[in-house]
Amino acid sequence: MEIPFNYSSPVTGKYFIGRKKEVVILSNLLSQGESVTIYSPPKTGKNSLLQQSLLKMKTSGKAFSFCEFSLTNIRSIGDFATGLAASIIRSLATTPDEYEEFIRKYLSGTHFVFDPEQFESKGSILSLNWDIDFDDVRAVLSLPYRLSSERNGNLIITIHDFQNILLAENGDRLCRTFDSVMKEYANKLCSFVFLGSEVNAMKEIFVHHGYFHKTVSRLEMEDIDVREVIDFAVSGFLTSGKVVDRDLMLGICNLFHGNIWYISHFCSICDSLSKGYIMEPVLIESLNTLMSVHEPAFKSAMNGLTTFQVCLLRAVLEGNTRFSSSEVIQKYGLNSSANVRRLKDALCKKEIITFDDKDSPRILDPLFEYWLSKKYFHIN
């Protein structure tokens with residue numbers, strides 16, 4: 001069944017919209033064994049960009065192995081090391097005998113073992129016969145480089161939610177160890193792709209702490225050309241015999257700041273509510289439906305803010321940038337310039353806003369920004 005507006009999984013091929021330049025850059029970097037970080041708010045196309053780039057590499061005849069690992073639920077160094085190693089092993093071996101041989105050959109001298117009983121009961125490829133130490137961690141981190149050298153082929157390891165590495169105990173030391181291993185094996189044909197959906201947390205790792213400064217390149221995703229997004233929407237509606245005005249879709253694109261995931265979800269709702277020509281009332285109803293889906297999370301986010309933080313967020317929403325000025329402090333009741341700094345840090349840690357190089361703020365979620373303006377603050 002063909003789905004004109006897919007928002008439930010990464011997309012490739014004809015469903016992948018825009019970012020042709022990023023695909024070329026990423027596929028070239030990975031083909032050369034370079035490591036890359038991509039971070040942006042949730043659902044802004046990081047996984048689709050990666051999958052499209054891998055597809056381009058495959059169709060151009062590039063040989064590589066690929067594995068994925070997520071730090072979504074990782075809070076300990078042991079879980080990190082065993083999970084990463086298991087992901088790598090599973091991408092290259094398939095049977096219990098192969099797992100056991102793999103561990104014996106490549107992780108000898110560590111505390112990792114293959115336990116048949118654990119594999120039988122839990123599916124665990126790796127177990128620990130003693131407390132993990134950082135020699136074990138280094139062995140795991142160097143594993144893909146050693147494998148690439150032996151197999152004479154590129155190995156690409158994607159780590160999702162990489163910002164969570166700092167949530168593990170000794171997260172800073174783990175980052176330093178990771179960075180050290182990458183520098184040691186810099187000339188090996190192996191690529192890590194670090195994906196992060198918490199912008200400020202990823203900045204903390206790659207910018208403020210300066211980890212991976214010379215070992216990992218950042219790929220920034222530009223906004224998708226509005227004309228391409230509108231063409232995508234118009235074409236999608238045509239598949240089900242419906243027509244939408246391009247000017248109306250331009251307004252939707254501007255509202256969502258070009259976020260293709262929100263736009264796809266919105267268009268899917270429109271598609272289900274309409275027949276024939278899609279009029280403005282359908283668009284309004286679809287927008288209200290989409291907001292109702294996300295409103296509980298938005299309310300929860302606001303309930304978790306202090307009054308001062310809410311006041312600063314309103315100041316951001318109303319276009320202010322000089323938050324420490326006496327005028328802004330007095331107008332929004334921000335108390336003092338020292339308090340303003342604390343408030344900015346708090347909202348950044350909650351991943352509600354971020355600041356660019358010129359210290360200009362931006363609300364990270366476009367639908368949340370619209371909801372704040374229309375439903376919470378009633379600004380216009």
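The values are calculated or read from the model by the stated rules, or taken from the named source; none is laboratory data. This structure is a prediction, so every number in the text was calculated from the model and none was measured. No Cβ is skipped: glycine too gets one built from the backbone with ideal geometry, and neighbour counts run over all protein chains shown. In case anyone asks, the SASA skips ligands and DNA or RNA and just uses the protein heavy atoms, side chains included. Shrake-Rupley method; radii C 1.70, N 1.55, O 1.52, S 1.80 Å.
Things to note:
- Taken over segment 41-72, the criterion of being at pLDDT below 95 and within 21 Å of Gly171 (Cα to Cα) is satisfied by no residue.
- Checking Ser142 against (1) of a type in the set (Ser, Thr, Tyr); (2) open to solvent by 70 Å² or more (accessible area, probe 1.4 Å); (3) within 28 Å of Glu204 (Cβ to Cβ), the condition it does not meet: (2)
- Residues in segment 240-267 that are more than 24 Å from Val23 (Cβ to Cβ) and in contact (Cβ under 8 Å) with a residue 60 or more places away in the chain were compared, and the one that is surrounded by the most Cβ atoms within 10 Å (Cβ to Cβ) is Leu255.
- Taken residue by residue, segment 191-204 has at least one member that is at pLDDT 95 or above, open to solvent by 50 Å² or more (accessible area, probe 1.4 Å) and assigned to a helix (DSSP H, G or I).
- Residue match in segment 291-303 (condition: assigned to a helix (DSSP H, G or I), hydrophobic (A, V, I, L, M, F, W, C), farther than 28 Å from His208 by Cβ and free of Cβ contacts under 8 Å to residues at least 40 places away in the same chain): yes
- Candidates Asp357, Asp345 - the one that is part of a loop (DSSP other than H, G, I, E, B), open to solvent by 10 Å² or more (accessible area, probe 1.4 Å) and closer than 26 Å to Ser197 by Cα: Asp357
- When Lys331 is tested against (1) assigned to a loop (DSSP other than H, G, I, E, B); (2) modelled with pLDDT of 95 or more; (3) open to solvent by 60 Å² or more (accessible area, probe 1.4 Å), only condition (1) is not met.
- Where Val316 falls short, out of the listed (1) assigned to a helix (DSSP H, G or I); (2) over 26 Å from the mean Cα position of the chain (by Cα): (2)
- Filter result for Cys270 (part of a helix (DSSP H, G or I), free of Cβ contacts under 8 Å to residues at least 60 places away in the same chain and touching a strand residue (DSSP E or B) at 6+ places or on another chain (Cβ under 8 Å)): yes
- Whichever residue in segment 27-51 is over 15 Å from the mean Cα position of the chain (by Cα) and assigned to a helix (DSSP H, G or I) and, among such residues, is farthest from Thr354 (Cα to Cα): Ser31
- Residues of segment 87-131 that turn out to be aliphatic (A, V, I, L, M) and within 21 Å of Asn152 (Cα to Cα), as a count: 6
- Scanning segment 159-177 for residues that are assigned to a helix (DSSP H, G or I), open to solvent by less than 50 Å² (accessible area, probe 1.4 Å) and of a type outside the set (Gly, Ala, Ser) turns up Phe162, Gln163, Asn164, Ile165, Leu174, Cys175, Thr177.
- Only one of the listed residues (Ser149, Ser124) is open to solvent by 20 Å² or more (accessible area, probe 1.4 Å), polar (S, T, N, Q) and part of a loop (DSSP other than H, G, I, E, B). That residue is Ser124.
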